[in-house]
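Notes to accompany the following structure.
The values are calculated or read from the model by the stated rules, or taken from the named source; none is laboratory data. Bear in mind that the values here come from a model prediction, so they are computed numbers and not experimental data. When we count neighbours, we look across all protein chains shown, and the Cβ atoms used for this are built from the backbone with ideal geometry, even at glycine. Protein only, heavy atoms only, side chains kept; ligands, DNA and RNA dropped before computing areas. Shrake-Rupley method; radii C 1.70, N 1.55, O 1.52, S 1.80 Å.
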Amino acid sequence: MMVIRPICQNDLKSLYRLAEKTGIGFTSLVADEAVLQKKIAGAVRSFAKETITTPNNEDYLMVLEDTTTGDVVGTCGILSTVGLDEPFYSYHLGTITHASRELGVHNAVPTLILNNDFTGCSEICTLFLEEDYRHSKNGQFLSKARFMFMAQFPERFTEKVFAEMRGVSDENGVSPLWESLGRHFFSIDFKEADELTSQGNKQFIAELMPNNPVYVNLLPKDARDVLGQVHQNTIPARRLLEQEGFRYENYVDIFDGGPSLEARVQDIRAVRDSRLCLANIRATNDAEQPKGIGEGNYYLVSNAKVEAFRCILVQRSTPPGSAMTLTQDEADNLCITNKEPVRIVELSPYSR
Amino acid sequence: MMVIRPICQNDLKSLYRLAEKTGIGFTSLVADEAVLQKKIAGAVRSFAKETITTPNNEDYLMVLEDTTTGDVVGTCGILSTVGLDEPFYSYHLGTITHASRELGVHNAVPTLILNNDFTGCSEICTLFLEEDYRHSKNGQFLSKARFMFMAQFPERFTEKVFAEMRGVSDENGVSPLWESLGRHFFSIDFKEADELTSQGNKQFIAELMPNNPVYVNLLPKDARDVLGQVHQNTIPARRLLEQEGFRYENYVDIFDGGPSLEARVQDIRAVRDSRLCLANIRATNDAEQPKGIGEGNYYLVSNAKVEAFRCILVQRSTPPGSAMTLTQDEADNLCITNKEPVRIVELSPYSR
Amino acid sequence: MYLVRPADFADLPALERLAQQAGIGITNFPANRERLNDKIASSRRSLQTDVIQPSDESYLFVLIDTSKDEIVGCCGIDAMVGVDTPFYSYRIDEVVHASPQLQIHNRIPALFLCHDYSGTSRMIALVIDKAHQNHTAMSLLSKARLLFIARYPERFTTRLFVELRGESDKHGYSAFWDALGKHFFSMDFKKADYLSGVSNKHFIAELMPRYPIYVPTLPEAAQDAIGVVHEDSSQSTDILLAEGFEFRGYVDIFDAGPTLEARTESLHTIAQQTMGKALTLTENSQGPMHLISTGHLETFRVTAAPAEPQVAGLALEKTTLERLAVSSGSRIQWVAL
Amino acid sequence: MYLVRPADFADLPALERLAQQAGIGITNFPANRERLNDKIASSRRSLQTDVIQPSDESYLFVLIDTSKDEIVGCCGIDAMVGVDTPFYSYRIDEVVHASPQLQIHNRIPALFLCHDYSGTSRMIALVIDKAHQNHTAMSLLSKARLLFIARYPERFTTRLFVELRGESDKHGYSAFWDALGKHFFSMDFKKADYLSGVSNKHFIAELMPRYPIYVPTLPEAAQDAIGVVHEDSSQSTDILLAEGFEFRGYVDIFDAGPTLEARTESLHTIAQQTMGKALTLTENSQGPMHLISTGHLETFRVTAAPAEPQVAGLALEKTTLERLAVSSGSRIQWVAL
């Protein structure tokens, strides 16, 4: 069975293996043992916090484990707040209107305005799934399990949550926006700038980026065209978040112009529609197995625990009512006993 | 019965009478016959457009008529696009982070950034109800009837719609934000600036307002405190819109700091939950009157016409199913005959 | 020979012809009969006004080929720009962005829209017939204005500037405009240039970018045009530079042509010019070329001629005296060319 | 009598005592033993270096009361600021906002964070014991630096500036800081002032506002403090103004104290100073006070004494010669005080 759980100290090797596979441009997971060790320690510390009144720098990093092999094959995370240690930069795509009634000219000029508007805001991040496991809804499962955790523990996150999507670049990693904007101010190349940023070193952005709004209409067409656009490989991920209620609100990455998608936590479909119910466990040796298992709609099922958080994906042909019937195996993977509360939601918005 | 319908040429006197009652600060309805005449003409023209593919400067001004007296007692409107003739200005409340790791200092400084980001966006506006009629859900009815029109004709509006809320000022019309910011740049007083703006004259804003972001932390406390806050009298109106799904997204009025609330049209509760069904009219002389009329939940009911748009408020003790049973009187006021489509929705989000 | 004098209404047809020849990029001298008429009227009114300090006066002068009694050039001075509407320029400033940690120190030039020349006197629109673009005629036309300023300093500010025509091709295509202004004006350079000449300048405030433009983000052709003089104006530019005008990093907002400025008193012609008596030479002069002026305001006139400085005054040939309509002993102003 | 010479390590305790007295607002002279030791070391290293063009050298001088052989003041020069990290100031610029239609023409002063003095020589920290704040001692201490600059022009830039201490009360409260800097630094003026003296200045770039501050939006007390000198510094300010230093609209980013600047060559002391021979007077001098210097780099020294200019050189009293450790015929540099 596939189970999502908090990362633990023992996962260092697995995480390193995953990091090696991510490739260039995936800056939140770098194959550096010291960095990863620190990241794991931060996540373990975060999940260990029993109660939290306001979010403050927690990093909830989870992994997807294949319990049949014991392999860690994917990872996903939520940062409870960004930008409190190092400034978090983005561009806001705004509008300046220039109009002359006398000449009958009216121009709405788009502008890029450097800001730190996401400071203190929760971010979903670090989504990676091994190539061999990109099937059977694993991708959706990995991405949306986070919403179950957020639905259960809203006090650990800010009202608004956002996700940065990878922007457009060609097969050589060349970003049209960087070439016509960032390059002029940084005198270093995109890769180097991107790496510095991922290492948490962002002071240089304040030092080198122009303070003044940049007129988008003065940028070359290929640079204008990528603002708010995701990399081709990221189109499915974007669609998935949009279906959950995430919206592009004109914030883009300062380097590659990739969009940030945002939502109020309570407006996310998987959060809003999820509900708590009691687990009704049928023992394995029970003659009467629950019906309709392995067919019908997919449901995310999670427990209501922090440190022992678990989330699994199940299939049911009849919608669960006030109780959720689970097999013993499912219950074991959820770390629950009979009559403990579980949270459930339809995996996708169209299956209710 | 109370009916909402498009304004027509004959309503000039009524509108003038309403305008006289609005008082200071209500700049979208000024007691000036020529201005009002122009406004009515614009509305009549807008409702007369049979088909529209993209919104372009339409002004859908409607009135609330008490059919028993024939009096026009309230008005509400939707502008299909703002800022296409004269620039539309607002302040975006952004964040700039200043951090020094060396000193352990981290400041997230709020900033006001002048922009025209709402250019081309639909706005709900000009909501006014006569004092004598501020009872029996008339306020909600007047405000939300607009969403019925938008639900029926989404192609006439932009994906996003917003509403400007009146900001804080004292009983003498003194605005704390204006006193510590606008005043320094305008050399005229708040009232004069407000009037010029309402007359569509906004060039002076570009000419006089500072281009650079204003640091909010440098403003006096009373000015900071009113950013994004509504006038005490506007608190109910704000709550009403927020219940419908409107959200404050950090845009405020450049003069008094009042918030703009915004929503995607399809996310507005009254739009999302509204549905079309067929009218089932019971003749007045019918022995069997429809049951449960005048008790139970309130419903907005509108027809599906543009120029002859009508919306009424009804009460039903049993939820309407696939057909909506209407009295002959209700049908007459809706300008429909039997089996014509009507759109219905619960008046408030908690009554479904 | 040549003579410069204030323009009069009778000169209108000739001026219109000149304006048509002048072409695009000479915003202050549009081929529009009404505007030209206004300019003449304004000049005449200014000359007739008793001025204590400079305001919105303007002065228009014409260059006459005296052999044919034909107008072959013109030029002007605005006593003060920016009186009614601000006068806009781009100031090129360097923005420093440095990261000690990355050992990067960038100095990035940026264009800042400014009013820095508002309230300053401006020399405008030196236009001259192709056939008469020789050194003497051009120097005479250009410097006649400085002699006028020297005579009536109370009518001008202590600083003086002149905008030079920027690069554009004969079809009116300007790489700079194409990369910048066009995006904000939604019209071609020709039209903007024309409007700027005939309309009030509100529309500049309304349409121009309010934030600085970082030069390296512009296309190369546009960057290359910044501060570059149109080749047709290179000769008149040389005359101004030799006078002591300097480039201080300001360029035109439309075509990025450079603005030259100077303290009035430090200009060569103004510092060197002197007043004295006209003397008569009995034979042809062997002396160097001089600019010689006489008359008062409306009757002010200047010519260029060989002359011999003497202790008692400046000795002129008879023809020169006749051209200036002065006689021996008349009070004249001169400077060596 | 007084003598000025370069500081040496032995002077450290005396300098520490002076720094403690100096109080808040003298950022360049913090009461921090280690930093003061660094300053002496840097000065000694600079004096021993063969300099072709100015870089990060700094020079520290002490004022000695020769009657007690006691250090009673000090001052310094930085050959060039902004070498490692940019040097920040506020430039006061007027922003013009005009609406012809409303007939409003606002000129709004705004503070722009800039690096305009990066790459320039700076005179720093004139600190002098209360008991010795007389005209002679202060002039000597202030101008000794200019004599040094005149002797070694290759070690300094052609422009020179000095920051004057801004308004703050004896508790270190600055109305300007309170209204502006405090919001960005989250610390009081005293601490920021201290940090600015002892730390590298990265934190200024990190914490200071990047956008202009519109002066009228500041509280009145803060507005009033812009460009105003601390009363304790009024005497040294007068000396600098008399030298030819000018205020050009730049103020300190912490306390808004004014920055004065000058072209080095046009400063009175530098323009007037001369080199020549020392002559001996047999009796007490009736001549005017002079500043007299001699020695080379590490042995450079200056005193103030009455002296009599003569064709052959400057005639000094015996005690003056002894104080400077020169004899008749030695090469000296002098200027009338």
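Remarks
- Count of region A:40-97 residues which are open to solvent by less than 40 Å² (accessible area, probe 1.4 Å) and under 24 Å from residue B:250 (Cβ atoms): 18
- Of the helices (runs of 4 or more DSSP H) contained entirely in region B:116-233, those carrying at least 3 residues that are in contact with a Leu (Cβ under 6 Å, 6 or more places away or on another chain) and away from chain A (no Cβ under 14 Å) fall at B:138-152.
- The listed residue being of a type outside the set (Asp, Glu), open to solvent by less than 20 Å² (accessible area, probe 1.4 Å) and over 21 Å from residue C:43 (Cα atoms), out of C:203, C:112: C:203
- Test result for residue D:128, surrounded by 20 or more Cβ atoms within 10 Å (Cβ to Cβ), modelled with pLDDT under 95 and closer than 23 Å to residue D:6 by Cβ: yes
- Put simply, of B:70, B:77, B:94 the only residue that is under 28 Å from the mean Cα position of the chain (by Cα) and at pLDDT 95 or above is B:77.
- For region B:267-284, the criterion of being in a helix (DSSP H, G or I) and under 30 Å from residue A:99 (Cβ atoms) is met by none of the residues.
- All conditions in (1) surrounded by fewer than 18 Cβ atoms within 10 Å (Cβ to Cβ); (2) more than 27 Å from residue B:275 (Cα to Cα); (3) at pLDDT below 90 hold for residue B:133, with the sole exception of (3).
- For beta carbons closer than 9 Å, sequence separation of 6+ or different chains, a first residue in region B:242-262 that is closer than 15 Å to residue B:143 by Cβ and part of a loop (DSSP other than H, G, I, E, B) and a second that is open to solvent by 20 Å² or more (accessible area, probe 1.4 Å) and hydrophobic (A, V, I, L, M, F, W, C), the qualifying pairs are B:246/B:240.
- The one condition in (1) open to solvent by less than 40 Å² (accessible area, probe 1.4 Å); (2) over 27 Å from residue D:95 (Cβ atoms); (3) of a type outside the set (Val, Ile, Thr) that residue C:191 fails to fulfil: (1)
- The residue list C:186, C:196, C:168, C:174 contains one member that is polar (S, T, N, Q), touching a strand residue (DSSP E or B) at 6+ places or on another chain (Cβ under 9 Å), buried (at least 17 other Cβ atoms within 10 Å of the Cβ) and under 26 Å from residue C:15 (Cβ atoms), which is C:174.
- Looking across B:183, B:156, one residue alone is within 30 Å of residue B:193 (Cα to Cα) and of a type in the set (Lys, Arg). It is B:183.
- Of the set (1) part of a loop (DSSP other than H, G, I, E, B); (2) free of Cβ contacts under 8 Å to residues at least 40 places away in the same chain; (3) touching a helix residue (DSSP H, G or I) at 6+ places or on another chain (Cβ under 9 Å), all apply to residue B:36 but (1).
For every residue, the table says whether it meets (1) part of a loop (DSSP other than H, G, I, E, B); (2) in the same structural domain as residue B:310 (by the TED database); (3) closer than 19 Å to residue B:122 by Cα.
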{"site": "B:3", "(1), (2), (3)": "no, no, no"}
{"site": "B:21", "(1), (2), (3)": "no, no, no"}
{"site": "B:40", "(1), (2), (3)": "no, no, yes"}
{"site": "B:45", "(1), (2), (3)": "no, no, yes"}
{"site": "B:69", "(1), (2), (3)": "yes, no, no"}
{"site": "B:98", "(1), (2), (3)": "no, no, no"}
{"site": "B:103", "(1), (2), (3)": "yes, no, no"}
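- Which listed residue is modelled with pLDDT under 95, surrounded by 15 or more Cβ atoms within 10 Å (Cβ to Cβ) and either away from chain C (no Cβ under 14 Å) or under 27 Å from residue A:326 (Cα atoms) (or both), from A:249, A:295, A:288, A:262: A:249
- Flag for residue A:110 being in a loop (DSSP other than H, G, I, E, B), more than 18 Å from the chain's Cα centre (by Cα), closer than 25 Å to residue A:227 by Cβ and within 11 Å of chain B (Cβ to nearest Cβ): no
- Inter-residue pairs, beta-carbon under 7 Å, first free of Cβ contacts under 8 Å to residues at least 24 places away in the same chain and in region A:180-192, second of a type in the set (Val, Ile, Thr) and assigned to a helix (DSSP H, G or I), 6+ apart: A:184/C:217
- Residue match in region B:53-64 (condition: out of contact with any Lys or Arg (no Cβ under 9 Å at 6 or more places or on another chain) and within 14 Å of another protein chain (Cβ to nearest Cβ)): yes
- Residues within region C:90-106 that are part of a strand (DSSP E or B), within 11 Å of chain A (Cβ to nearest Cβ) and either free of Cβ contacts under 8 Å to residues at least 12 places away in the same chain or surrounded by fewer than 19 Cβ atoms within 10 Å (Cβ to Cβ) (or both), tallied: 7
- All positions within region C:259-294 that are open to solvent by less than 50 Å² (accessible area, probe 1.4 Å) and in contact (Cβ under 8 Å) with a residue 60 or more places away in the chain: C:259, C:260, C:261, C:262, C:264, C:267, C:269, C:270, C:273, C:291, C:293
- If the condition is being more than 19 Å from residue C:327 (Cβ to Cβ) and open to solvent by 50 Å² or more (accessible area, probe 1.4 Å), then region C:295-308 contributes only C:298.
- Looking only at residues in region D:207-248 that are open to solvent by less than 20 Å² (accessible area, probe 1.4 Å), free of Cβ contacts under 8 Å to residues at least 60 places away in the same chain and assigned to a helix (DSSP H, G or I), the one that is farthest from the other protein chains (Cβ to nearest Cβ) is D:225.
- Residue count for region C:61-80 satisfying the condition of being open to solvent by 10 Å² or more (accessible area, probe 1.4 Å) and closer than 18 Å to residue C:123 by Cα: 2.
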